[in-house]
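J.: Sharing a structure below in C-alpha cells format, with a few things to ask.
The values are calculated or read from the model by the stated rules, or taken from the named source; none is laboratory data. Here the structure is a predicted model, which is why all the values come from computation and not from measurement. Methodologically, a virtual Cβ is constructed for each residue, glycine included, from the backbone with ideal geometry; neighbour enumeration extends over all protein chains shown. Protein only, heavy atoms only, side chains kept; ligands, DNA and RNA dropped before computing areas. Shrake-Rupley method; radii C 1.70, N 1.55, O 1.52, S 1.80 Å.
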Amino acid sequence: MDTLHDPSGKGTKAALSWAGHTKATLTLGVPLIGAQLAQMAINVTDTVMVGWLGATELAATVLATQIFFLFFIFGSGFALAVMPVAAQAHGRDDVRGVRRSVRMGMWVILLYGALVMMPLWMTESILLMLGQSKETAALAGDYMRVAQWAMVPSLLIMAFRSYLSALERAQIVLWATVAGTLLNAFLNYAFIFGNFGAPRMGVVGAAVASLGTNLLSCLLLLLYCVLKRELRRYELMVRFWRSDWQAFFEVLKLGWPISATILAEVGLFAGASVMIGWIGTIELAAHGIALQLAGIAFMFPLGLSSAATVRVGNAYGRNDWLGLSRAGTVAIGLVVAVTLLLATVFWTVPEVLIGWYLDEDNPDAGAVLRHAVPLLAVAAAFQLVDGLQVIGAGLLRGLKDTKVPMVFAVISYWAVGMTAAYVLAFPAGLGAVGVWWGLALGLSVAALLMNWRYQQRERLGLVGVRTG
C-alpha cells in the first residue's frame, strides 16, 4: 500500500489503494443512487394518481408542483452546501465543525422557508396573471396552500441527507427515501380517492399526502440523527438556538451559487420543452418520454456525484491530496463506465423503453414512437458528457468551489446550449432533434469546463504536497 506525506505534521499515513477507493465510492454512491430513484418514484406516483382524477386536475397539479419545484430547487442549494462543509470537517475529525455546518444550514433553510411562503400562497393569482384558466388556477391554488407547508421539511430532509452522506452513512438515506415512497403512495390513495376511511379530497388530498410524507420522513431522519449512538457526540439539536454567524454565512456563500447552477440546468431543459411545444403536440409528447428516460439515467451519475463530493471533501479536510486525487479519478472512471452502459441500453432497445409509456390502442402512439426514437438516440450520445458535467460539479463542490462552476453553468447551458438548440431546431430546420443536439452541445461545454477546473485545482494541491 502506498504512503503519503501528511501536511498536518502528524507524519506519514497509509493511503487507500485504487480498489479501496472504488469500494468506498460505491459503498456511498449506490445507496445515494437508490435514494434518487426512489425520489423519482414519488413524483411518478403523484402524477399517475392525480391523472386518474382528470385532465384539469392533472394540469393544475403539474402547474402547482412546477412552481413549488422552482422554489425548492433554489432552496436545495443551501441544503447541498452542508455536504462539503460537513465532509471537510469530518475529514479532519472536527466534531464542532460538523455540528456548526448542519445547524446553520438548518437555520438558513428555516429563514428561506419563511421568505417563500407569501409567493407560494399567491399561486392562484400568479397563474391567472400568466393566462391560465380560472378553474385550473383555483385548483392549483388549493393544492399549494397545503403543499407549501412541505417546503421546510423537504429542504430539511435534504440537509439531513447531506449531513449523513458527509459522515458516509448513506444506507439510512436510502431506506428513509424508500419508506417515504411507500408512505406517499398509501397517503395519495387514501386522501385523493377517500379510501381506508379517509375523506375524499381530490387534488388537495395529493397535497396532504406530500405534506404528510415530508413531515414523517423529516422526523424519521431527525430521530436517527439525534438518537443513533454513534451520532450523539455531534449534539445536533443541543442549544439549537445558539447562533454561529461564520458558519451561517459560509452556508449562504456556498449555497446560492449551487442553487443558481441547478436552476441554470433545469432552465435549459424547461426552455427546450417550450421550444419543442412550438413545433407540435406529438413532438412534445415524444420529448416528454425521452426526457423522463434521460432523467432516470441521470440519477446514476447524480448519486455518484454526491459520493464524490463527500470523498473529496473528506480527503481535503485531512490534507490528503493523494487520496483526493485518487477519489476524484475513481469517481470519474465510474461515471464514464455507468454512462456508457446506459448509452448502450438507449441505443439498442429504444422502442422497448419508449413503449412503456405508450398505449398501443392510442392512434397517436405510432407517431410518438417515431419521434421519440431519434431523441433517445441523441440522449444516448450525451449520456457521457451529462455524467461528466455533474461529476465535475460534484468534485468541485467537495473543494468548496461553487462560484466559478456557476459561471460555467450559465455560459454552457444558456449562452451555448439554449442558443444552439434554437438555431439547430428552427433556422437549421432540424426540429425537435435539433433542440436535443443543442442540449448535448451545452452539456459538452459544461463537462469540459467543470473537469478542466477540477484538474487545475487537483494539480495545484498535488504540487503543494510534493514540494511541502
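J.: Pulled fully out, how much extra length does the chain show between residue 239 and residue 121, if you take 0.36 nm times their separation in residues and subtract their Cα-Cα distance?
T.: 39.3 nm
J.: In cubic angstrom, how much convex hull volume per residue do the alpha carbon atoms of the stretch 48-204 span?
T.: Normalising the Cα hull of the stretch 48-204 by residue number yields 109 Å³.
J.: Also, I was wondering about something else. Rank by packing, highest mean first: peptides 236-249, 339-352, with packing defined as the count of other Cβ atoms within 10 Å averaged across residues.
T.: 339-352, 236-249
J.: If you average the sequence gap of Cα pairs under 8 Å that are 6 or more apart and divide by the length of the chain, what percent do you get for the contact order?
T.: Values: 737 pairs, mean separation 96.0, N = 468.
Here the relative contact order equals 21 percent.
J.: Relative to 2.2 N^0.38 Å, what does the C-alpha radius of gyration of the stretch 168-324 come to as a ratio? Two decimals please.
T.: Working it through for the stretch 168-324, the quotient is 1.39.
J.: Normalising by the residue count of the stretch 153-260, find the relative contact order in percent from Cα pairs under 8 Å and 6+ residues apart.
T.: Worked out over the stretch 153-260, it gives 23 percent.
J.: Moving to a separate point now. More than 18 angstrom separation, counting every C-alpha pair in the stretch 285-415; what % is that?
T.: 60 percent
J.: Calculate, for the stretch 277-384, the solvent-accessible area per residue in square angstrom, rolling a 1.4 angstrom probe over the heavy atoms of the protein chains.
T.: Each residue of the stretch 277-384 exposes 40 Å² on average to a 1.4 Å probe.
J.: Toward the positive end of the charge dipole of the stretch 21-139, about the Cα centre and with charges on Cβ (Lys, Arg +1; Asp, Glu -1), which of 37, 119, 25 goes farthest?
T.: The listed residue farthest towards the positive side: 25.
J.: How far is helix 431-467 tilted off the main Cα axis of the chain, in degrees rounded to 10, range 0 to 90?
T.: On a 0 to 90 degree scale, this one is about 10.
J.: What residues of the stretch 427-443 lie in the reach of a label at residue 43, counting those whose backbone N is under 19 Å from a point 7 Å from the Cα along Cα→Cβ?
T.: 436, 439-440, 443
J.: Per residue, how many Å² of accessible area does the stretch 139-212 show with a 1.4 Å probe?
T.: 34 Å²
J.: Another question, then. How tilted is helix 365-398 with respect to the longest principal axis of the chain? Cα atoms for both, answer in degrees (0 to 90, nearest 10).
T.: Between the helix axis and the principal axis of the chain, the angle is about 20 degrees.
J.: At 7 Å along the Cα-to-beta-carbon direction for both residue 273 and residue 460, put a label point, then send me their distance in nm to one decimal.
T.: 3.8 nm
J.: On a 0 to 90° scale, report how tilted helix 134-147 is relative to the longest principal axis of the chain, with both axes built from alpha carbons and the result rounded to the nearest 10.
T.: So the inclination is approximately 30 degrees.
J.: Sorted by mean Cβ packing within 10 Å, highest first, what order do the peptides 219-229, 276-286 take?
T.: With the highest mean Cβ count within 10 Å placed first, the list reads 276-286, 219-229.
J.: Sorted by average packing, counted as other Cβ atoms within 10 angstrom per residue and highest first, what order do 192-204, 305-317 take?
T.: Numbers: 192-204: 15.7, 305-317: 27.6.
Answer by packing, highest mean first, reads 305-317, 192-204.
J.: Now a separate question. What is the percent carbon and sulfur in the accessible area of the chain, measuring with a 1.4 Å probe over the protein chains and ignoring ligands?
T.: Values: 13450 of 20180 Å².
Solvent-exposed carbon and sulfur of the chain make up 67 percent of the total.
J.: Translational diffusion coefficient of the chain at 4 °C, 1.567 mPa s, Stokes-Einstein with Kirkwood Rh over Cα pairs, in µm²/s as a whole number.
T.: Reported coefficient: 56 µm²/s.
J.: Separate question: Over the stretch 381-468, what relative contact order in percent results from Cα pairs under 8 Å that are six or more residues apart?
T.: Relative contact order for the stretch 381-468 comes out at 38 percent.
J.: Using just the helices of the chain, give the 222 nm mean residue ellipticity in deg cm²/dmol: DSSP H runs with n ≥ 4 each add -39,500 (n - 2.57), and the total is spread over all residues, rounded to 500.
T.: So the calculated ellipticity at 222 nm is -28500 deg cm²/dmol.
J.: Moving to a separate point now. Which semi-axes, in whole Å and largest first, does the equivalent ellipsoid of the stretch 351-416 have when worked out from the alpha carbon gyration tensor as the square roots of 5 times its eigenvalues?
T.: Values for the stretch 351-416, descending: 37, 13, 10 Å.
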